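K.L.:
Submitted below is the structure of interest, expressed as structure tokens.
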Amino acid sequence: MFRGSSLNLKFKVKDLIIKLETNRSNHKENYDLALLQYKEELEGELKKMLTDVQEGRDIPHAVPLEKPEEYLKEYDTALDIFKMTSQTEVEIDQKTFTQLVRDEWDWKMDFESKTMGYARARR
């Protein structure tokens with residue numbers, strides 16, 4: 001509906017802060033769950049590799065697991081900006097709204113591909 005348009009609207013800073021804090025909290029929870037699962041899977045892989053070495057079998061030289069990544073700094077930067085402004089309302093464009101409010105960042109797909117599989121396994 002708004003694709004390609006340059007829509008700029010004003011939003012209350014306090015509402016943006018609340019939404020960002022919620023999104024950050026959800027991001028941290030998903031990352032923390034994924035990291036726990038990753039560590040469990042990594043420990044299992046390393047134990048298997050150690051057993052294989054002790055029994056004289058060949059082992060891969062890399063562990064086939066991707067470590068989850070977190071992007072809390074992105075949230076923290078946005079939160080700092082809005083917490084430090086003297087304005088009660090700010091004007092943001094559609095792309096910024098999509099990132100801050102809808103939690104659809106440029107890195108979101110990468111985060112989900114590396115993290116959400118682990119997080120789902122923990123639940």
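K.L.:
I'm checking my understanding of the structure. Among residues of the stretch 1-37 that are outside any helix (DSSP H, G or I) and of a type in the set (Gly, Ala, Ser), which one is modelled with the highest pLDDT?
P.N.:
Result: 6.
K.L.:
Of 32, 76, 52, 15, which residue is surrounded by 11 or more Cβ atoms within 10 Å (Cβ to Cβ), of a type in the set (Asp, Glu) and touching an Asp or Glu at 6+ places or on another chain (Cβ under 8 Å)?
P.N.:
So the residue among 32, 76, 52, 15 that is surrounded by 11 or more Cβ atoms within 10 Å (Cβ to Cβ), of a type in the set (Asp, Glu) and touching an Asp or Glu at 6+ places or on another chain (Cβ under 8 Å) is 52.
K.L.:
Which pairs turn up if I take residues in the stretch 38-64 that are in contact (Cβ under 8 Å) with a residue 40 or more places away in the chain and part of a helix (DSSP H, G or I) and look for partners that are surrounded by 13 or more Cβ atoms within 10 Å (Cβ to Cβ) and not aromatic (Phe, Trp, Tyr) with beta carbon separation below 7 Å, at least 6 apart in sequence or on another chain?
P.N.:
Qualifying pairs under 7 Å: 38/65; 38/67; 38/68; 41/65.
K.L.:
While we're here: May I ask you to say which residue of 50, 65, 79 is hydrophobic (A, V, I, L, M, F, W, C) and closer than 23 Å to residue 113 by Cβ?
P.N.:
The conditions single out 65.
K.L.:
Then there is this: Confirm whether residue 20 is surrounded by 12 or more Cβ atoms within 10 Å (Cβ to Cβ), under 27 Å from residue 113 (Cβ atoms), over 14 Å from the mean Cα position of the chain (by Cα) and in contact (Cβ under 8 Å) with a residue 60 or more places away in the chain.
P.N.:
The answer is no for residue 20.
K.L.:
Filter the stretch 65-92 down to the residues that are closer than 23 Å to residue 31 by Cα, touching a residue at least 24 places away in the same chain (Cβ under 8 Å) and not in a loop (DSSP other than H, G, I, E, B) and list them by number.
P.N.:
72, 74, 75, 76, 78, 79, listed by residue number.
K.L.:
Counting only residues that are under 12 Å from the mean Cα position of the chain (by Cα) and in a helix (DSSP H, G or I), how many does the stretch 100-122 have?
P.N.:
Counting residues in the stretch 100-122 that are under 12 Å from the mean Cα position of the chain (by Cα) and in a helix (DSSP H, G or I) gives 10.
The values are calculated or read from the model by the stated rules, or taken from the named source; none is laboratory data. Only a predicted model underlies this, so the values are computations on that prediction, with no experimental measurement involved. A quick note on method: Cβ atoms are made from the backbone with ideal geometry, for glycine too, and the neighbour counts reach across all protein chains shown.
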